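To start, the structure itself, in structure tokens.
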Amino acid sequence: MASDLASRTCVPCTGGVPPLKGAELAALAQQLPAGWTVVEEQRLEKTFTFPSYRDGVAFANRVADLAEEQNHHPDILITYRRVTVAIWTHKIDGLTESDFVFAAKADLLG
């Protein structure tokens with residue numbers, strides 16, 4: 001399931017569409033790998049843990065490269081041995097299918 005999401009490409013949102021809610025949002029959330037949470041139906045978050053700070057920074061850099069490739073830019077918080085990735089579509093201040101696609105792709109990098 002998550003591999004299906006990960007095989008897709010993020011589609012830039014031009015605005016003017018409603019954010020995902022309810023059953024549609026829940027259905028996509030179930031397709032994500034373990035650890036991803038939907039926060040207030042507004043964003044996706046996951047905290048990844050690494051053996052060292054350097055490993056966390058390397059992961060954050062891989063996510064940044066993916067963000068540039070997909071033209072979809074999450075918030076990335078690096079702390080000691082942990083990296084939290086928060087994803088949402090800024091133009092609509094909510095979630096689209098592309099946010100779930102990006103989450104699945106980022107998870108493969110962890």
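Just a few scattered comments:
- Scan of the stretch 78-108 for residues that are buried (at least 22 other Cβ atoms within 10 Å of the Cβ) and among the charged types (D, E, K, R), ordered by number: ASP99, LYS105
- THR49 vs. criteria closer than 13 Å to ASP107 by Cα and of a type in the set (Ser, Thr, Tyr): yes
- Index of the failed condition, THR79 passing every other in (1) closer than 17 Å to GLY56 by Cα; (2) polar (S, T, N, Q); (3) in contact with a strand residue (DSSP E or B) (Cβ under 6 Å, 6 or more places away or on another chain): (3)
- Taking the criterion of being of a type outside the set (Asp, Glu), within 22 Å of ARG54 (Cβ to Cβ) and not in a loop (DSSP other than H, G, I, E, B), the residues of the stretch 97-110 that qualify are ALA106, LEU108, LEU109.
- Residues that are without any contact (Cβ under 8 Å) to a residue 60 or more places away in the chain and under 12 Å from ALA103 (Cβ atoms) within the stretch 40-64 comprise ARG43, LEU44, GLU45, VAL63, listed in sequence order.
- Residue in the stretch 47-59 that is under 15 Å from the mean Cα position of the chain (by Cα), surrounded by fewer than 14 Cβ atoms within 10 Å (Cβ to Cβ) and hydrophobic (A, V, I, L, M, F, W, C) present: no
- Any pair with Cβ under 6 angstrom, 6 or more apart, that starts in the stretch 81-100 at a residue that is at pLDDT below 95 and ends at one that is among the hydroxyl-bearing types (Ser, Thr, Tyr) and not in a strand (DSSP E or B): THR89/THR96
- Some residue of the stretch 17-31 being without any contact (Cβ under 8 Å) to a residue 24 or more places away in the chain, within 21 Å of ARG82 (Cβ to Cβ) and either of a type in the set (Ser, Thr, Tyr) or surrounded by fewer than 15 Cβ atoms within 10 Å (Cβ to Cβ) (or both): no
The values are calculated or read from the model by the stated rules, or taken from the named source; none is laboratory data. Since the structure is predicted, the reported quantities are computational estimates derived from the model, not experimental observations. All Cβ positions, glycine included, derive from the backbone under ideal geometry; neighbour counts span all protein chains shown.
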